[in-house]
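The values are calculated or read from the model by the stated rules, or taken from the named source; none is laboratory data. Here the structure is a predicted model, which means the values were calculated and not measured. When we count neighbours, we look across all protein chains shown, and the Cβ atoms used for this are built from the backbone with ideal geometry, even at glycine. These area figures cover heavy atoms from the full protein model, side chains too; ligands, DNA and RNA do not enter into them. Shrake-Rupley method; radii C 1.70, N 1.55, O 1.52, S 1.80 Å.
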Amino acid sequence: MEKKHKGILVQDRIIASGSLKYLFSLAGLILVAAAVYGQPKAPYNKMKIWFNHPAHDWNEALPVGNGILGAMLFGGITNERLQMNEESVWTGKPEDFVNPMAKAALPEVRKLLFAGKYAEAQKLAQEKMMGDKKVWSTYQTLGDLLLGFDELEEPVSEYRRELDLETAVARVSYKSGSIRYSREVFASAPARALFVKLSASKPGSLNFSITLSRPGNQAKYEYNSSGIIMTEHTAAGTGVKLAARLRVLNEGGNISVRGESVRVEKADSVTLILTAATDYRGNDPIQTSSEMQDVIAGKNYEVQRSEHISDYQHYFKRVDLNLGVTNAAYFPTDSRLDALRMGNSDPDLFKLYYQFGRYLLISSSRPGSLPANLQGIWADGLTPPWSADYHININIQMNYWPAEITNLSEMHLPFLEFINALRPDGRKTARDMYGLSGTVAHFTTDPWYFTETYGKTQWAMWPMGMAWSCRHLWEHYLFNGDKIYLNGKAYPAMKEAASFCMAWLCKHPASGKLVSGPSISPENTFRTAGGEIATMVMGPTMDHMIIRELLQNTISAAEILGKDAALTKKMRAVLKDLAPTRIGADGRIMEWTEEFDEPEPGHRHISHLFGLYPGHELNGRSPELMSAARKTLEFRLKNGGGHTGWSRAWIINFFARLNNGEEAYQNLVALLSKSTLPNLFDNHPPFQIDGNFGATAGITEMLLQSQDTDIDLLPALPVVWQKGYIHGIVARGGFEVDIDWDNGELREVKVLSRLGNSCTLNYRGKKYTFKTKKAQRYKLNGSLEMTD
Ligand code: FUC
């Protein structure tokens with residue numbers, strides 16, 4: 001807890017939480033009033049998440065990252081904390097844990113399920129098919145950079161802490177008497193380092209001590225007058241080895257070692273540079289972190305800063321969104337959220353949230369890095385929830401939903417590489433666990449690339465993780481049209497996953513249709529006629545939707561590449577016999593093979609709508625399925641659905657695909673009101689990043705869709721967003737699109753054709769198809785008439 005300082009702000013925050021609530025509602029009311037009556041006249045904080053107080057806890061701290069290094073800035077006045085991460089600080093190691101009895105048990109479990117003996121089958125599968133994962137693996141913090149400042153003589157005023165999404169630079173500044181203290185923090189991808197620059201308006205005013213620390217008291221530290229080195233072999237020598245190297249560069253004043261800290265006295269300004277590494281990829285972390293420092297040594301801070309900003313803006317500035325703005329934009333971000341909760345309209349807050357989603361992807365997923373995990377790259381402590389791993393039964397896929405459509409295709413690559421890296425272990429699991437060919441993965445994995453399954457069948461008896469993930473490989477091709485990538489990286493994995501699925505499907509004795517199982521509708525349960533709670537069936541709807549799409553995509557890829565005619569023929573035959581998506585007596589999409597009673601009608605997973613989003617089996621050409629999808633959603637929401645951040649984000653995408661802008665908007669408001677932390681991080685609870693990405697994709701889906709044949713313009717524009725624009729988003733087929741609207745109507749659309757494909761635009765039923773040339777731009781008016 002930040003020590004009390006003279007001056008209103010900090011004390012205020014600490015003393016009177018009750019009154020703080022009051023203050024907030026007052027702020028909220030002022031906000032409401034200001035918003036209703038006024039458009040901002042003075043410049044407002046267009047792209048800034050900001051606070052007028054230090055972070056009270058981690059959920060108020062501000063994230064910076066470069067795909068490999070991450071840090072959370074707390075902005076303390078006496079005690080500053082940067083909680084840091086390096087993407088490969090993982091415990092555990094590669095491990096084989098297929099249950100040796102699984103293969104033999106499979107036919108028995110299937111027989112029981114076909115006979116409707118669900119509970120018995122579950123018991124058998126739990127015993128004989130679930131693996132015994134002995135080595136626990138988890139993502140962990142790298143540690144903390146702590147700065148202890150000397151007591152300030154004068155009260156503190158004009159405190160401000162901000163994250164500028166335009167430059168990916170975070171700042172803290174405040175005044176004490178006449179001296180202004182400032183801090184700047186960024187994580188540079190070109191330099192592979194974290195930079196902290198401290199300065200004061202009066203020379204010689206910086207006096208503070210610096211320490212590095214890591215929970216668990218296992219790390220070793222070396223202090224010298226140019227910095228600190230921290231090393232550790234994590235998890236008592238069973239995890240990775242890590243090294244963090246902090247360099248201290250002062251202008252004016254002097255630096256010395258004082259006990260277990262580096263002391264800075266009477267400095268004008270100080271630059272801290274942190275590099276870190278592990279032996280995850282086989283390198284020596286101490287040497288690597290030192291080499292990284294050497295690379296940096298030659299360039300001064302300003303050069304580092306501008307290289308960082310241009311590298312970052314190369315990606316960030318591709319998309320611009322404007323949804324209108326009210327006076328609410330003048331207020332600190334946490335106050336804006338409070339006011340939104342009180343019903344205030346603040347369209348600009350949704351723009352900020354949208355761009356924050358893109359910011360987080362650029363900051364946590366870079367070519368060559370590991371994919372963004374459940375917490376992107378930002379996780380405190382040694383035991384983050386769910387190990388901050390790679391759940392691939394919705395979460396990591398959701399992380400990458402905005403990658404292509406919001407023009408951040410390069411940020412998709414870490415996940416695409418990861419899918420290919422899973423294949424060898426997946427081949428072994430398919431062979432040893434099921435006696436089948438191809439490659440498979442289940443509900444979760446980690447950077448040791450395990451594909452076996454463990455835990456309760458309720459989430460673990462689900463062999464669709466690889467099949468679902470492979471749609472990302474195909475999507476990347478649909479946006480980029482790169483046949484070399486398709487032939488080298490995408491098709492081989494899709495073909496292998498398809499071959500597993502075809503071997504895995506078996507004939508349903510009653511319907512004669514091909515069904516997937518034993519399997520589940522992720523993490524959901526049903527009540528059998530006998531009143532037992534069970535979870536596995538032969539033929540959960542989602543499995544078939546995933547397999548159907550995988551086979552269709554693999555056929556398309558094979559045809560584009562002119563390959564595997566025999567396999568294509570076989571895949572078509574399987575598709576013909578695959579059990580179809582069915583509508584139940586109550587008009588909803590059936591989640592399982594039977595209409596079971598549902599112990600959790602508001603379950604967070606809505607897996608049987610995979611075909612609505614991200615899939616596109618449910619679309620305008622199947623109106624009865626679309627209305628069944630709507631009924632399914634209504635039922636979930638009526639029973640408390642959407643109660644986790646990611647689940648709510650998924651629902652926004654569902655309503656966008658149902659062309660229902662009002663409901664999509666209402667769920668966006670619900671997400672920010674109920675499942676968003678003061679720093680705009682998504683809240684599962686606790687913090688889980690997938691909702692941030694899912695909602696950024698959802699807003700894009702409300703303004704443009706291209707999952708089918710056409711490019712749909714403004715398919716789910718809510719009434720509240722009467723006037724605005726979105727520029728630089730991308731449609732399948734390689735079209736970069738700018739859309740401007742006014743009075744709720746399309747005013748202009750610009751299309752840049754990256755690949756020279758034929759383009760069909762669809763606006764509220766009006767279609768226009770035109771041939772394009774590569775790299776050519778086209779402009780059309782609101783009636784889809786070409787203007788130049
Ligand atoms: C799945 C979800 C949980 C959580 C976890 C990381 O198990 O059902 O809600 O998001 O992943």
Subject >> Zero-based 20 Å bins, Cα pair distances in the chain, whole percents >> reply: 16, 47, 32, 5, 0
**OP:** Mind checking which aspartates and glutamates have their Cα closer than 15 Å to the Cα of Lys513? Skip sequence neighbours fewer than 8 apart in that chain.
**Re:** Asp543, Asp577, Glu594
**OP:** Label the range 503-547 by shape, choosing from rounded, prolate and oblate, from the square roots a ≥ b ≥ c of the eigenvalues of the Cα gyration tensor; if a/c is under 1.5 it is rounded, and otherwise prolate applies when a/b is larger than b/c, oblate when it is not.
**Re:** oblate
**OP:** Rank-order 741-748, 122-129 by packing density, defined as the average count of other C-beta atoms within 10 Å over each peptide's residues, highest first.
**Re:** 122-129, 741-748
**OP:** Report, in debye and to the nearest 20, how large the dipole of the range 41-171 comes out about its Cα centre when Lys and Arg carry +1 and Asp and Glu carry -1 on their Cβ.
**Re:** 1200 debye
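Please quote Rg/Rh for the range 578-626 to two decimal places, taking the Kirkwood radius as Rh and restricting both calculations to Cα atoms.
Working: Rg = 11.3 Å, Rh = 11.8 Å.
Using Cα coordinates only, the ratio equals 0.95.
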Original post:
Considering the range 397-528, what Rg and Dmax in Å follow from its alpha-carbon atoms?
Top reply: 15.7, 50
Subject >> Across Lys93/Lys220; Lys317/Lys774; Lys128/Lys428; Lys197/Lys723; Lys495/Lys771, pairs whose alpha-carbon gap is larger than 29 Å >> reply: Lys197/Lys723; Lys495/Lys771
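Looking at the range 233-278, which GluC sites (Glu not before Pro) are DSSP coil and have at most 13 other C-beta atoms within 10 Å of their C-beta? Each step should come with its number before you reach the end.
Numbers: sites: Glu251, Glu260, Glu265; in loops: Glu260.
Of the GluC sites (Glu not before Pro), the ones in loops of the range 233-278 whose Cβ has at most 13 other Cβ atoms within 10 Å are Glu260.
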Original post:
Want the number for Asp708 to Asp577: 0.36 nm per residue separation, take away the alpha-carbon distance, what's left?
Top reply: 44.8 nm
**OP:** Return the long-range amide H neighbours of Asn683 (sequence gap of 5 or more, or a different chain), with a cut-off of under 5 Å between placed amide H atoms.
**Re:** Gly645, Thr676, Leu677, Gln688
Original post:
Cα to Cα, under 19 Å, and not fewer than 8 places away if on the same chain: which lysines meet these conditions relative to Lys766?
Top reply: Lys750, Lys779
**OP:** Distance from a point 7 Å along Cα→Cβ of Ala503 to each backbone N in the range 437-477: keep the residues under 11 Å and list them by number.
**Re:** 437-440
Subject >> Percent of Cα-Cα distances greater than 20 Å, calculated over the range 171-254 >> reply: 50 percent
Subject >> Two-site label geometry, Gln218 and Glu307: point separation in nm, points 7 Å out along Cα→Cβ >> reply: 3.4 nm
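Translational D (Stokes-Einstein, µm²/s) of the range 298-416 at 25 °C and 0.890 mPa s when Rh comes from the Kirkwood sum over C-alpha pairs? It would help to have the intermediate numbers written out before the result.
On the way: Rh = 16.5 Å.
Estimated via Stokes-Einstein, D reaches 149 µm²/s.
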**OP:** Round to the nearest 0.05 the FRET efficiency obtained for Lys774 and Glu153 when R0 = 60 Å and r is the Cβ-Cβ distance.
**Re:** 0.40
Original post:
With no solvent and one point per C-alpha, what does the Debye sum give as log10 I(q)/I(0) for the range 67-213 at q = 0.15, 0.17 Å⁻¹?
Top reply: -0.83, -0.98
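The range 47-137: D in µm²/s via Stokes-Einstein (Kirkwood Rh, Cα pairs, 25 °C, 0.890 mPa s)?
On the way: Rh = 17.9 Å.
The calculation lands on 137 µm²/s.
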**OP:** Hey, can you find the accessible area per residue of the chain for me, probe 1.4 Å, expressed in square angstrom?
**Re:** 35 Å²
Subject >> Helix axis angle, 690-703 relative to the chain longest principal axis, alpha carbon, degrees >> reply: 70 degrees
**OP:** Would you work out if the range 695-764 is rounded, prolate or oblate? Take a ≥ b ≥ c from the square roots of the eigenvalues of the alpha-carbon gyration tensor; rounded if a/c is under 1.5, else prolate when a/b is larger than b/c, oblate otherwise.
**Re:** prolate
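Ordered by packing density, taken as the mean number of other Cβ atoms within 10 Å over each peptide's residues, highest first, how do 733-739, 184-190, 565-571 rank?
Details: 733-739: 20.6, 184-190: 23.0, 565-571: 14.0.
Put in order of decreasing packing, that is 184-190, 733-739, 565-571.
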**OP:** Work out, step by step, the length gained on full extension between Ala297 and Ala529: first 0.36 nm times the residue separation, then minus their alpha carbon distance; give nm to one decimal.
**Re:** 76.5 nm
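What FRET efficiency do you get for Arg747 and Glu120 if R0 is 45 Å and r is their Cβ-Cβ distance, rounded to the nearest 0.05?
Values: r = 62 Å, r/R0 = 1.39.
The computed FRET efficiency comes out at 0.10.
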Original post:
Among the lysines, which fall within straight-line cross-link reach of Lys202, defined as a Cα-Cα distance under 26 Å, with same-chain neighbours fewer than 8 residues apart omitted?
Top reply: Lys3, Lys4, Lys6, Lys175, Lys266, Lys299
Subject >> the chain - percent relative contact order, Cα under 8 Å, separation 6 or more >> reply: 12 percent
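What do you get when you divide the Cα radius of gyration of the range 514-631 by 2.2 N^0.38 Å, with N the number of residues?
Working: Rg = 15.7 Å, N = 118, 2.2 N^0.38 = 13.5 Å.
Compactness ratio reported: 1.16.
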**OP:** Could you give the C-alpha radius of gyration of the range 183-304 expressed as a fraction of 2.2 N^0.38 Å, taking N as the number of residues it contains?
**Re:** 1.10
**OP:** Kindly provide the pair-distance distribution of the range 724-781 built from C-alpha pairs, with 5 Å bins from 0 and whole-percent values in order of increasing distance.
**Re:** 5, 19, 30, 27, 14, 5, 1
Original post:
Between the range 231-251 and the range 485-549, what is the C-alpha centre distance in whole Å?
Top reply: 44 Å
